[in-house]
Every structure is written in C-alpha cells, then in structure tokens.
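In what follows, a structure is listed as structure tokens, so that the remarks can point back to it.
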Amino acid sequence: MDLDAVADKYLAEPSVEIENDLIMNWYPGRIERRIGHVGRLLELGLGHGYTVPHFVPMADHHHVIEGSQRVIDHFRSRNPWYKGELVQGYFEDYAPSEQFDVIVMGFVLEHVDDPVAILRRYRSMLAPGGRVYVAVPNAKSMNRRLGLAMGMIPDIYELNATDHKLGHQRNYCRDTLRRDVEAAGYRITHEEGMYLKPLPLSVLRSLDDMAANLRAMMEVGVDFPDLCVALLVEIENAVD
C-alpha cells in the first residue's frame with residue numbers, strides 16, 4: 001500500500017476530527033497509569049501526531065516508525081521541539097538495534113496486510129518484561145450495533161467510506177482481537193473500552209456542555225469495552 005496516498009486524512013486540521021482528537025488524547029494517559037516511566041518506548045505510526053507529546057515524557061527514549069514521508073514532514077513542521085527518533089519505513093521492515101520496554105500499536109492493526117505477522121515480529125523487539133499496547137476501533141460498538149438493528153449497515157464488520165479513505169482493511173471486536181493477539185504468541189493482561197457513544201455526533205453536539213458529556217462517555221466506557229467505539233489492550237509475551 002502507498003501510505004502517502006492515504007495521508008490526506010491524517011493531514012486534516014484537528015478541529016474537524018473531534019472524536020479522533022478525543023480518543024487519541026485519552027488513551028496515552030490510560031497507558032501511563034499502567035507503566036509509569038520507562039526507558040525506551042516505540043510508537044508504530046504517527047497519524048495526526050496527537051499522541052507523541054503525551055508519550056515523550058513517559059520515556060527516556062521515544063521512537064516512532066512511520067510509513068508516510070508526507071506525514072513525517074507534516075509532523076516535523078508542526079513540532080520542531082521533537083528530539084526523539086523518527087524513522088520512515090514500513091512496520092514489516094523495521095529492525096532496531098535495541099529492544100523496547102513498551103511498544104504502542106495505536107490504531108495500527110486495522111491498517112496492515114497481516115496483523116498477526118506484525119504482532120509476532122515485534123515480540124522480538126520487547127525487552128524482558130516489556131508490554132505492548134494495542135488500540136483498535138470496535139466493530140461491535142453500541143452505535144454500530146444500533147446501526148445494524150436499524151438496517152443502516154448490513155454487517156457489523158462492514159467497512160464504510162471513511163474506513164476506506166483511512167486505509168482500513170478490517171474492523172475488530174474483542175473476540176477477533178484476542179484471536180490475533182493469541183495467534184501471535186501473546187496473552188492479554190488488561191483490556192478496557194474507549195468512548196461509550198450512545199448517540200450520533202450530530203446529536204451530541206446539540207447537548208449542553210458537550211465537552212463534559214464526552215468526558216463522561218470516556219470515563220464510563222473504560223468498564224464496558226464490548227460497547228465502546230474503540231478497544232485498548234495490554235499484552236505481553238505468553239512465553240518469556
């Protein structure tokens with residue numbers, strides 16, 4: 001896949017990506033609650049670049065591998081302060097010389113050709129006792145379940161126009177994510193939900209104090225991953 005060809009969506013102004021902004025600024029803090037401060041942290045993908053300012057203070061050394069040079073150039077132009085290691089390349093080819101205490105695969109596995117192969121490849125890059133954090137969209141979120149019941153989508157796993165524009169190749173649920181994680185040789189040590197969304201964004205915009213409502217939906221969603229817009233799991237090698 002030509003990653004520069006799907007980069008336009010990730011170069012959009014943040015103001016037009018309210019829900020993406022919400023989730024991407026939320027989950028790094030959830031990971032910090034689990035890891036505290038670590039030595040070496042690797043992120044797969046830059047996306048909009050939201051997460052980097054959150055993850056940099058969590059580690060002595062912060063690294064990113066990103067496939068699109070356009071996305072990298074855009075990020076560097078907006079973030080001249082960044083002094084970590086930013087490598088252009090495909091996840092399938094990345095071969096660092098050192099291991100990492102934490103690897104973050106934030107909204108990556110829905111994009112790649114072979115998610116199990118990616119998961120398996122990065123096992124060897126984990127330092128002893130290291131952990132991987134995976135975040136993916138949830139096909140069985142409440143809003144999608146409602147859409148299915150109303151006949152708005154024919155299949156819970158169907159990819160919509162936005163998915164295709166973003167380069168998504170699949171929609172996950174808890175069961176299919178667990179299947180891929182375990183097939184790659186990991187075990188799940190923690191899982192939670194992100195963004196319990198009961199109504200369309202157009203309706204949520206009309207509510208008083210929209211920001212407080214969205215924050216509440218994030219907080220409540222932690223305990224209800226089956227119904228949330230996105231899933232966050234912590235995984236570790238099943239055999240160290």
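A short reminder: the numbers here are calculations on the coordinates, not readings from a lab. It should be emphasised that the depicted structure is a prediction, and the values quoted were computed from it without experimental measurement. All Cβ positions, even for glycine, are placed from backbone atoms using ideal geometry, and neighbour counts span all protein chains on display.
Note on region 31-110: along the principal axes its Cα atoms extend 32, 27, 26 Å, ordered by decreasing extent. Computed extension gain for residue 127 through residue 157, at 0.36 nm per residue and net of the alpha carbon distance, reaches 7.3 nm.
For region 21-71, dividing the convex hull volume of the Cα atoms by the residue count gives 69 Å³ per residue.
Put a dot 7 Å past the Cα of residue 90, heading toward its Cβ, do the same for residue 146, and the two dots end up 4.0 nm apart. According to the calculation over all Cα-Cα pairs in region 186-240, the P(r) per 5 Å bin from zero is 5, 20, 22, 18, 13, 9, 6, 5, 2, 1, 0 %. Charged side chains reduced to their Cβ positions (Lys and Arg at +1, Asp and Glu at -1) give region 125-240 a dipole of some 320 debye around its Cα centre.
The calculated FRET efficiency for the pair residue 77 and residue 165, based on their C-beta separation and a Förster distance of 25 Å, comes to about 0.65.
Along the axis of the charge dipole computed for region 119-172 (Cβ charges of +1 for Lys and Arg, -1 for Asp and Glu, origin at the Cα centre), the listed residues 143, 167, 153 are led at the positive end by 167. Taking the Cα centre of region 190-240 as reference, the dipole from Cβ charges on Lys and Arg (+1) and Asp and Glu (-1) amounts to some 460 debye.
The spread of Cα positions in region 144-240, taken along each principal axis and listed from longest to shortest, comes to 50, 30, 24 Å. Considering helices alone, the calculated mean residue ellipticity of the chain at 222 nm is -9000 deg cm²/dmol, with DSSP H runs of length four and up weighted by -39500 (n - 2.57) and normalised per residue. Kindly provide log₁₀ I(q)/I(0) values, in the same order as q = 0.10, 0.19, 0.25 Å⁻¹, from the Debye equation applied to equal alpha-carbon scatterers of region 61-146. Reported log10 I(q)/I(0), two decimals: -0.32, -0.98, -1.36.
Spacing of the modelled spin labels on residue 204 and residue 33, each 7 Å from Cα toward Cβ, amounts to 1.8 nm. Per-residue extension of 0.36 nm, minus the Cα-Cα distance of residue 189 and residue 117, leaves a gain of 23.9 nm for this segment.
Each Lys and Arg contributes +1 and each Asp and Glu -1, all at the Cβ; summed about the Cα centre of the chain, the dipole is approximately 280 debye.
Enumerate the amide H contacts of residue 153 below 5 Å, restricted to partners 5 or more residues apart or on another chain; note that Pro and chain-start residues carry no placed amide H. It is 148, by chain and number.
The slack in the chain from residue 19 to residue 216, taken as 0.36 nm per residue of separation less the alpha-carbon distance, amounts to 69.6 nm. Separation of region 185-240 and region 71-110 by C-alpha centroid, Å? So the two Cα centres are separated by 24 Å. Would region 134-177 count as rounded, prolate or oblate if I go by the C-alpha gyration tensor, calling it rounded below 1.5 in a/c and otherwise prolate when a/b exceeds b/c, oblate otherwise? Since a/c reaches 1.5 but b/c is at least a/b, the shape of region 134-177 is classed as oblate.
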